[in-house]
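Asks: First the structure, then my questions, so here it is.
Derivation of every value follows stated rules applied to the coordinates shown; laboratory data play no part. As the structure is a computational prediction, the values presented were derived from the model and not from experiment. Note: ideal-geometry Cβ built from the backbone for every residue, glycine included; neighbour counts use all protein chains shown.
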Protein chains: 2
Amino acid sequence: MKKQRNTRQRQLVLDVVLARGDHPTADQVYADARAIDEKISRGTVYRNLHTLAARGDILQVKLPDVDRYEELADRHYHIICTECGAVYDAPIPYDDTLDRRASEISGCDIKRHRTTFEGRCPECKQRCE
Amino acid sequence: MKKQRNTRQRQLVLDVVLARGDHPTADQVYADARAIDEKISRGTVYRNLHTLAARGDILQVKLPDVDRYEELADRHYHIICTECGAVYDAPIPYDDTLDRRASEISGCDIKRHRTTFEGRCPECKQRCE
DNA sequence: ATGGGTGCAAAGTGTTTGCAAGTAT
DNA sequence: ATACTTGCAAACACTTTGCACCCAT
C-alpha cells in the first residue's frame with residue numbers, strides 16, 4: 001500500500017464521522033465538514049471516506065440507495081425505518097455460524113453477511129396510529 | 001388501488017423476469033425486453049418493474065449499488081460474489097424469530113429483514129488460487 | 001371516452017474522476 | 001523535491017419524470 005498522508009481534510013472527515021456517532025451518508029458528512037471548513041469539496045469527502053474505510057478507521061455500511069459510514073465497531077446488524085429513513089444499530093448479535101453454514105452448503109467462500117431489519121421506528125410507529 | 005391495465009409492455013417485462021430465473025438488474029431486463037420489442041423504452045421498464053413489484057408479481061431484491069428483481073418466492077437470503085458480482089439464493093432458511101426479537105428489544109415495528117452473504121463463488125474461489 | 005400507459009428526452013441523485021495547483025513528508 | 005491530496009467541474013451510472021400521444025377497458 002502506498003504511503004498515506006495526514007491532511008487537515010482527512011482528519012476533519014474522520015472527526016465528523018466520530019463526532020456524529022450515528023450513520024451519516026457521504027452527503028451528511030460533507031455538510032458537517034463544510035460547516036467547519038467552508039472550502040472542502042465533495043470529491044475530497046468521498047475520497048477520504050473511501051480511504052478511511054479501506055484503512056479501517058471507519059466502517060462503510062452498505063445499505064440500499066446510499067452508502068453510510070460509522071465509527072469502527074464489531075460486526076453488527078442495522079435497523080432502517082421505512083418511514084423516516086433513520087438507521088440504528090440492531091440489538092441482535094452477529095451470528096457467525098451462519099457464515100460457516102452458508103459456506104459449507106453453497107460451496108462459496110463466505111466472508112461475512114450483512115443483515116438489515118426493515119420496519120417502523122418507535123416515533124413513526126406512534127405517529128402512524 | 002387504482003385499476004391497472006395489462007399492456008403488452010408490462011406483460012413482456014414480467015415474462016422476461018420469469019424467463020431468466022435469476023436476479024437481473026433493471027438494465028438487464030431492459031436489454032432482454034429490447035431484444036424482443038425493439039421499441040420498449042427504459043422508462044417503461046423501470047415503471048413496470050415498480051408496478052409489478054408493488055402488485056406482488058415479482059420481488060425487488062434490494063442490494064447495494066443497484067436493485068435487482070426476481071420471481072415471486074418465499075423470503076430468503078442472497079449470496080453475492082465480491083469478485084464477479086453474481087447473485088445466488090442462499091441455502092439458509094429465513095429466520096423470522098429474528099424479526100420478533102428485534103421488534104421486542106428495539107421497540108421498533110420490524111416487518112422483515114434482508115440478509116446478504118458476501119464472499120467468493122466457487123468459480124472465483126478456484127480462479128483466485 | 002377516458003384515464004392509465006408509452007416513448008422520448010430532459011432532469012435528478014449519488015458518486016467518480018481528470019487536471020492543474022497545493023502541501024505533507 | 002517528490003508524489004500524495006485537494007478543489008473544481010465535468011463526467012458517470014442509475015433512476016425518475018414531464019409531456020404529448022396512444023390504447024386497453
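Asks: Out of all the residues in region A:27-44, is one or more assigned to a helix (DSSP H, G or I), within 22 Å of residue B:118 (Cα to Cα), within 14 Å of DNA strand C (Cβ to nearest atom) and of a type in the set (Gly, Ala, Ser)?
Replies: Among the residues of region A:27-44, not one is assigned to a helix (DSSP H, G or I), within 22 Å of residue B:118 (Cα to Cα), within 14 Å of DNA strand C (Cβ to nearest atom) and of a type in the set (Gly, Ala, Ser), which makes the answer no.
Asks: Can you tell me how many residues within region B:3-22 are part of a loop (DSSP other than H, G, I, E, B) and either away from DNA strand D (no atom under 12 Å from the Cβ) or within 14 Å of chain A (Cβ to nearest Cβ) (or both)?
Replies: Here the count works out to 2.
Asks: Whether any residue in region A:71-89 is within 16 Å of DNA strand D (Cβ to nearest atom), away from chain B (no Cβ under 14 Å) and of a type outside the set (Val, Ile, Thr) is what I want to check.
Replies: No, region A:71-89 has no match at all.
Asks: Additional query: Considering only residues of region B:45-82 that are without any contact (Cβ under 8 Å) to a residue 24 or more places away in the chain and part of a helix (DSSP H, G or I), which is surrounded by the most Cβ atoms within 10 Å (Cβ to Cβ)?
Replies: Per the criteria, the residue is B:53.
Asks: Looking at region B:90-129, which of its residues are in a loop (DSSP other than H, G, I, E, B) and either more than 7 Å from every other protein chain (Cβ to nearest Cβ) or more than 18 Å from residue A:117 (Cβ to Cβ) (or both)?
Replies: Within region B:90-129, the subset in a loop (DSSP other than H, G, I, E, B) is B:94-96, B:107-108, B:121, B:128-129.
Across region B:90-129, the qualifying residues are B:94, B:95, B:96, B:121, B:128, B:129.
Asks: Let me ask something else. Anything in region B:76-124 that is acidic (Asp, Glu) and either over 17 Å from residue A:111 (Cβ atoms) or touching a His at 6+ places or on another chain (Cβ under 6 Å) (or both)? List them, or say none.
Replies: B:89, B:95, B:96, B:99, B:104, B:109, listed by residue number.
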